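Colleague: Sharing a structure below in structure tokens format, with a few things to ask.
The numbers here are math on the coordinates, done by the rules we state, and not lab data. This is a predicted model, so every value here is computed, not measured. With ideal geometry, Cβ positions are generated from the backbone for all residues, glycine too; neighbour counts draw on all protein chains shown.
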Amino acid sequence: MAIQGRKDPNTIKILLVSNGYPPTNIGGVEVYTASLARELVETRHQVTVFARASNRSLADYTQLNETIDSVTVIRVVNDHKKSSTFYDTFADATIDSIFEGILSNLSPDVVHFNHLISLSAHLPTLTNQHNIPSIITLHDHWPICHRITLLDWQYRMCGGPQNGGVCHLCVMGGAKRSLLSIELARLLKSIIPLNLRFPQ
């Protein structure tokens, strides 16, 4: 894909979107995104990553920018500290606004979505409104399952959302258990150093 007017016509500006990015977030999608970013940089493309960050000591929507291995990484803190509804956890107008600013400033040639959890499900629509080509890699079932696994809160196989008709069973039925799990995970993360949680 050659872009007219570039010093190197084979170089394109690529925006990768992910739910996290190493070294602060390490998981399957995060490692995949970082590996992809490095490969794209090695083939002389200009790569920017937009990712969600978790930081209980910072206000939600705080932006943290850095460069890692020649990749520009823009992180936005979002721990849903002030979320009041379930809708707020997957569609976020403030994240939408931040992302639109990035699209306007960066003018990427293509956007590659890897995960939108704790960002906003609206981001692909915004990209389309800016007439920017995009692709999505589906790493799990998050677009149709808030638990991402298509296993319900009692770990039984789920046949899918069925127009949202059964999702409330997980959201409401598993709410107490989920909140307990979240608070336990936060406690462990605050106690156990990162290098011990993810030893090299």
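Colleague: With r defined as the distance between the Cβ atoms of Q63 and L169 and R0 fixed at 41 Å, what FRET efficiency is calculated, to the nearest 0.05?
Modeller: Step by step, r from the Cβ atoms, then E = 0.65.
Colleague: Something else about it: Quick one: dipole size for the range 27-118, taken about the Cα centre, charges +1 on Lys/Arg Cβ and -1 on Asp/Glu Cβ, in debye to the nearest 20.
Modeller: Around 200 debye, computed over the range 27-118.
Colleague: Return the sequence-ordered ³J(HN,Hα) values of the range 132-147 in whole Hz as given by the Karplus equation 6.51 cos²θ - 1.76 cosθ + 1.60 applied to θ = phi - 60°, using x for Gly and Pro.
Modeller: After applying 6.51 cos²θ - 1.76 cosθ + 1.60, I find 9, x, 8, 10, 10, 9, 8, 7, 7, 9, 3, x, 10, 8, 5, 8 Hz.
Colleague: Also, I was wondering about something else. Could you tally the net charge around L36, taking each other residue with its Cβ under 13 Å from the Cβ of L36, Lys/Arg +1 and Asp/Glu -1?
Modeller: Within the 13 Å Cβ shell, the charges total -3.
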